[in-house]
Structures are given as C-alpha cells and as structure tokens.
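Asker: Here it is: the structure, laid out below.
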Amino acid sequence: MQPQFFNIINDELRGSEKTHAVTNPRTEEDLWPCPIASTGDFEDAVVAAQKAFTTWSRTTVPERQALLVKLAEVLEQNVGELSEILSKETGKSAILAAIDVNASIAQCLYYSKTALEDEVQYEDDTTRVVATHMPLGVVGAICPWNFPLILSNIKVVSSLVTGNCVIVKPSPFTPYAVMKWVELSRGVLPPGVFQVLNGGADLGALMTLHPGIAKISFTGTIATGKRVMASCSKTLKKVTLELAGNDACVICPDADLDKTIPSVASGGFFNAGQVCVASKRIYVHESIYDEFLERLVAEVERGYAIQEDANAPSVFGPVDNKMQFEVVKGIIEDCKKNGYNIVTGGKTQAVTAAGKGFWLPPTIVSKPPEDSWLVKEEQFGPILPILSWSDEDDVIKRSNLSNAGLGASVYSADLAQAERIARRLEAGSVWINQSERPNFGAYFSGIKDSGFGGEMGQQGLLSYSHTQCLHFAK
C-alpha cells in the first residue's frame with residue numbers, strides 16, 4: 001500500500017490541496033504525493049507551539065529526558081519503515097539509510113543523559129551568583145537533504161531537552177522520513193511541542209521572519225545562511241548556522257598508509273561525498289605522493305564502485321537530487337575542459353547500465369591548480385582533488401581558506417606534529433588520524449563562512465537557552 005504523509009500541527013494530521021513528489025535519485029522514479037504547508041498551516045503551528053510552551057517550558061529536565069527515551073523507542077520500533085523511506089527519497093543504500101535512523105536513536109539517548117546544569121559563577125563573603133538556563137520559546141529547525149533524520153533530530157532533541165517547542169521544516173528534496181517520524185511520535189509529547197511542516201524556501205522565509213519564533217537553527221548553503229541571518233535580524237532571533245565546508249586533509253610523510261588510505265577514501269566518498277565535513281581537498285607530502293595516489297585509486301575503485309541495487313552492502317550512492325547532480329557534473333566537465341589529470345572516474349553520461357539515476361562514479365583528480373573550481377569551492381559530490389606539499393607552513397596556508405572553516409583532518413605517525421598542524425588549521429573541528437565524522441557529544445561549529453554559533457555536545461545546548469544569573473546576598 002502506498003504510504004501517506006501529513007503535516008503535523010498540534011498532533012493532528014493535516015493534508016493539503018497542494019502537493020509535490022520527490023524523485024528517487026537512484027532510479028529517477030517519482031515517489032509519493034507530499035502535502036505542502038500553507039501560510040495558514042504555519043500560523044496554526046506557531047500558535048499551537050506558543051500555547052504548548054507555557055506548560056512545556058516548566059517541565060523538569062528529568063521529565064524531558066524521559067520523553068527523549070520514548071522518542072528513541074519510537075525510532076527503534078520503526079527502523080525498517082523509516083529506513084525504507086529514507087532509502088527511496090535519498091537514494092541511499094539500505095546500510096546508509098539504517099545509519100541515519102540508528103544515529104538519531106543514539107542522539108536521543110545521549111541527550112537523555114546530558115543537559116545544562118546550574119553552576120556557581122562567582123562566590124565571596126557577600127554574594128553568590130548562580131547561572132541557570134531558561135528555554136527560548138519556539139525553535140524553527142530548517143534542515144538539509146543529505147542526512148534528513150540525523151540533521152533534523154539533533155535540532156529537535158536539543159530544543160526539547162532545553163524546554164523549547166520545535167517546528168521542523170525538512171528539505172523539500174527529502175521530506176518523507178522526517179514527516180513520518182513526527183507522525184509516529186504523536187502522543188509522546190504534549191500537542192504543539194513537536195510539529196513538522198513541509199515546504200520550500202517561501203516557508204523557510206516565513207519562519208525566519210515570524211516574531212513568534214525565538215530561534216532558527218539552519219543547516220545549508222552559505223548564500224542561504226546569509227539570507228537567513230539577515231531575516232532573523234529583523235526580530236533579533238537567536239540563530240545557529242551550519243554552512244558549507246571545504247575541508248582540507250593533510251597527509252604527512254610518516255603517515256601509516258595502510259590505515260590512512262581507507263580512512264581518506266571514506267572521508268571523501270562516504271555517501272558519495274555528500275557530507276558537510278567530508279574530506280574535500282587532500283594535501284599529500286610530495287615524498288609519498290605517487291604511492292599514495294596509486295593506492296587511493298585502487299582503494300576507491302575496489303570499495304566505492306556504483307552498486308545499483310539498494311540492498312547491496314555499499315556506503316556509496318547517487319547524488320541526492322538533480323540540482324546538485326548538475327553542479328557536480330559541471331565541476332567534472334570543468335576539469336575535463338581545462339585538461340586536468342583525471343586518474344579515475346570522470347564519466348558523466350550513461351554511467352549505469354540502466355542509464356537512470358543521478359549517478360556519478362568516484363572521481364579523483366591529480367594536482368589541479370589551487371585556483372580551480374574543484375579546489376576553491378565545496379564540491380559536495382564524488383570528486384576529489386589530490387594535491388602535493390613539501391613545506392609545513394605552505395600547506396597550512398593553502399589549507400586555510402578565506403571562505404570556509406568547518407572541518408579538517410591530519411594524518412601523521414608523529415602525534416606532536418599532527419597536533420601542531422591541527423592547532424594552526426582554521427576550522428571548527430579537526431580530526432587526527434581519522435576521517436571527519438561529527439560526534440554528537442562534541443561541540444560542532446564552523447568559522448568564517450562555514451557557520452555562526454554551533455550545536456551538539458553539552459555546549460551546543462547553550463544556543464537553545466537564555467543564561468540567567470541569580471545573585472544571592474549572603
């Protein structure tokens with residue numbers, strides 16, 4: 001039976017006369033009708049959230065954490081259904097789709113044991129100052145398409161454990177799993193606390209401008225993030241932006257290639273490179289460059305080949321949507337036009353036997369110019385430049401872009417050297433001898449154009465709260 005999807009407002013299922021359907025990026029088949037929320041739907045959701053906030057904000061942290069466990073149970077009980085939906089709307093393999101759901105479960109359970117606590121900020125003979133943390137109100141969560149559940153859920157659980165209500169807007173490229181999850185969660189939380197609305201940029205704009213929404217958490221492109229911030233300034237909303245990265249990966253001459261090669265391959269081609277902190281510029285010391293390149297090509301051709309069967313054990317897949325597919329195709333064609341050395345991949349037409357789907361093979365380009373499109377801008381797809389270096393100061397200078405600073409990685413057998421380099425890289429997170437994977441227990445933020453503020457970890461909850469200081473006379 002064909003699944004049905006609804007906007008969820010005040011725990012009620014709401015359809016719409018206007019619908020749209022997503023294309024399965026693996027097969028280019030149209031999926032199911034999905035209701036588009038109206039302006040009236042949005043206003044109703046804000047009113048419901050504001051009403052719910054009056055009582056939800058007064059619940060205790062342990063009460064909220066107990067409900068996060070129940071949300072985890074909802075996800076766990078529906079892993080199969082949610083994974084299947086995710087696989088179809090994102091083109092992910094069954095393995096990757098299950099990772100999306102299971103990581104969301106882990107996020108719920110982490111925050112069921114982690115929260116902000118009151119702390120004594122100052123004390124002397126005459127006064128004692130205690131910092132406490134108040135919820136903001138209604139949070140608008142504007143979410144991306146590459147990991148629909150994980151990147152929505154982190155905003156949801158952060159909102160809930162701090163006492164806020166949350167309205168989720170999934171990406172119109174991948175609305176289904178998030179909408180189904182909120183539908184399945186009805187009854188766990190009071191009506192109005194956890195709602196979902198499907199829509200495009202116009203709905204996002206309404207959320208950023210509405211005075212009834214206290215905070216926007218947005219994950220997406222730099223250009224859209226700047227517009228979000230400008231809109232939020234009109235009502236002085238709190239705002240968190242997680243924006244594009246163009247992560248440098250520095251390979252030192254003493255790196256253990258038996259471990260480094262598989263890790264870099266995963267860093268660059270996991271989910272076809274559609275990861276905000278994917279390795280996107282690989283800088284290899286010139287003394288090991290040829291060996292590294294040869295072994296990386298072999299690793300990628302062996303472990304990241306196109307598998308059209310979604311049930312095949314693979315962590316590589318198609319580009320998620322037609323728009324991004326055309327962007328990545330354009331980068332590959334630009335490399336060809338300029339005569340860059342494409343050492344594997346590079347095909348952009350008739351990539352699969354069926355000739356369907358937004359597929360591009362994993363593509364590696366040797367030593368493109370530093371000012372090339374591929375190196376300067378985030379590709380967010382399965383194409384990776386491999387560059388060389390010889391001087392440490394030079395590679396650090398080249399790694400530190402003016403327009404991005406989300407993540408980076410360093411590989412070296414000398415941990416002191418790796419840490420020295422890592423501390424000079426201008427990025428919010430740096431991974432040492434491992435590929436870039438955000439840890440929901442660690443604060444995650446971008447610098448420069450890669451973001452504003454941050455989330456995850458206990459520190460990330462501060463952006464979902466007001467800090468109030470209580471001054472006690474002795």
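The values are calculated or read from the model by the stated rules, or taken from the named source; none is laboratory data. These figures come from a predicted structure and were not determined experimentally. Cβ sites come from the backbone with ideal geometry, for glycine too, and all protein chains shown count toward neighbours. Heads up: the accessible areas ignore ligands, DNA and RNA and are worked out on the full protein's heavy atoms, side chains in. Shrake-Rupley method; radii C 1.70, N 1.55, O 1.52, S 1.80 Å.
Asker: Give the distance, in whole Å, between the Cα centre of region 408-451 and the Cα centre of region 308-333.
Answerer: Distance between centres, Cα-based: 27 Å.
Asker: Which pairs, out of 51/226; 70/180; 169/238; 70/215, put more than 21 Å between their alpha-carbon atoms?
Answerer: 51/226; 70/215
Asker: Per residue of the chain, what 222 nm ellipticity follows from adding -39500 (n - 2.57) for every DSSP H run with n ≥ 4, rounded to the nearest 500?
Answerer: Details: 15 runs with 179 residues, N = 474.
The per-residue figure over the chain is -11500 deg cm²/dmol.
Asker: Could you let me know the centre-to-centre spacing of region 164-242 and region 60-98, using Cα atoms, in angstrom?
Answerer: 19
Asker: So what's the gap between the Cα centers of region 108-135 and region 2-46, to the nearest angstrom?
Answerer: Answer, in whole Å: 40.
Asker: Mind pulling the angle between the C-alpha long axis of helix 415-424 and the longest principal axis of the chain? Nearest 10 degrees, somewhere in 0 to 90.
Answerer: 70
Asker: Please state the relative contact order of region 145-243 as a whole percent: Cα pairs under 8 Å, 6+ residues apart? All intermediate terms of the calculation are to be shown ahead of the outcome.
Answerer: On the way: 113 pairs, mean separation 22.9, N = 99.
23 percent.
Asker: Compute the angle between helix 322-337 and the longest alpha-carbon principal axis of the chain, please, reported from 0 to 90 degrees and rounded to the nearest 10.
Answerer: In the chain, helix 322-337 runs at an angle near 20 degrees to the longest axis.
Asker: Right, here's the next one. Sorted by packing (mean other beta-carbon atoms within 10 Å per residue), highest first, where do 226-238, 44-56, 130-142, 401-413 land?
Answerer: Details: 226-238: 15.9, 44-56: 19.3, 130-142: 21.5, 401-413: 23.3.
Sorting 226-238, 44-56, 130-142, 401-413 by mean packing, highest first, produces 401-413, 130-142, 44-56, 226-238.
Asker: Please give the net charge around residue 458, taking every other residue with its beta carbon less than 12 angstrom from that of residue 458, where Lys and Arg add +1 and Asp and Glu add -1. Mind dumping the intermediate values first?
Answerer: Details: positive: 113; negative: 117, 119, 455.
That sum, taken over residues with Cβ under 12 Å, equals -2.
Asker: Now for a different question. On the accessible surface of the chain, probed at 1.4 Å, how many percent belong to carbon and sulfur atoms?
Answerer: 52
Asker: For the ranges 369-382, 321-334, what's the packing order if you count other beta-carbon atoms within 10 Å of each residue, average per peptide, and put the highest first?
Answerer: The peptides rank, most packed first, as 369-382, 321-334.
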